[in-house]
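The values are calculated or read from the model by the stated rules, or taken from the named source; none is laboratory data. Computed from a predicted model, the values in this text were never measured in an experiment. In this analysis, Cβ positions are derived from the backbone assuming ideal geometry, glycine residues included, and neighbour counts consider all displayed protein chains. Just so you know, the surface numbers come from the protein's heavy atoms only, side chains and all, with ligands and any DNA or RNA stripped out. Shrake-Rupley method; radii C 1.70, N 1.55, O 1.52, S 1.80 Å.
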Amino acid sequence: LLKDLEENARGSVALSVRQSTGMATFVRISQGGDLHPAASQARSTQGKAGGFLDQYGGLFGVSSPASELTQVSSATDQFGATHVSYQQIYNGVPVFAGILRLHTDAEGNLTAANGTFIPDLALDTTPALSQDQAGARALEAVLANPPADDNNTDALLSLDAADLSAKDNTLYVYRDGL
């Protein structure tokens, strides 16, 4: 797949690999190049980014972008570069730190792709605790191990359970060792 990218890209391709996953964590092209020039006719940055993921997502471990990724943001900076972010999803559950970002310059060249994708997940996403149970456990953990007092870093905060609440608790897939 890397050889295919190097042959089809306009410019010199550089790739970094994450040891914990064995997959790409950063792919970039030399200045003035384009990682996916075949998609230069794409109507949008999102279309070009999606086309790159369809063709080369395997470098990051992505086998099915349509079912494993969901776009979470797209922003254009003060230089005209656009940055599109995708969240990894496994069986409908977001993967903690599973974010891929693709970047185009002001001319629409795809200049880089970076992030973390956790490949080969195979686990039950049914939570072992209800949301209320998870919230209660979180409160117990905070009360058992209170944070330091910002005004006196040698002292721990004095916390009262009545003053605490679990505001949000969201189920995530979390990979140890990442």
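Here the range 2-30 is the region considered, the condition is being at pLDDT 95 or above and assigned to a loop (DSSP other than H, G, I, E, B), and the residue that is most open to solvent (accessible area, probe 1.4 Å) is 12. Remark: pairs (first residue in the range 119-131, of a type in the set (A, V, I, L, M); second residue open to solvent by 100 Å² or more (accessible area, probe 1.4 Å) and in a loop (DSSP other than H, G, I, E, B); Cβ separation under 9 Å; 6+ apart in sequence or on different chains) = 121/91; 123/91.
Residues are listed down the side, and each one gets a yes or a no for (1) among the small types (Gly, Ala, Ser); (2) in a loop (DSSP other than H, G, I, E, B); (3) closer than 13 Å to residue 108 by Cα:
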site: 51; (1), (2), (3): yes, no, no
site: 57; (1), (2), (3): yes, no, no
site: 78; (1), (2), (3): no, yes, no
site: 83; (1), (2), (3): no, no, yes
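The number of residues in the range 87-108 that are in a strand (DSSP E or B) and either among the charged types (D, E, K, R) or open to solvent by less than 20 Å² (accessible area, probe 1.4 Å) (or both) comes to 8.
Has the range 84-103 got at least one residue that is under 18 Å from residue 6 (Cα atoms) and either among the β-branched types (Val, Ile, Thr) or in contact with a strand residue (DSSP E or B) (Cβ under 9 Å, 6 or more places away or on another chain) (or both)?
Yes: the range 84-103 contains one or more residues that are under 18 Å from residue 6 (Cα atoms) and either among the β-branched types (Val, Ile, Thr) or in contact with a strand residue (DSSP E or B) (Cβ under 9 Å, 6 or more places away or on another chain) (or both).
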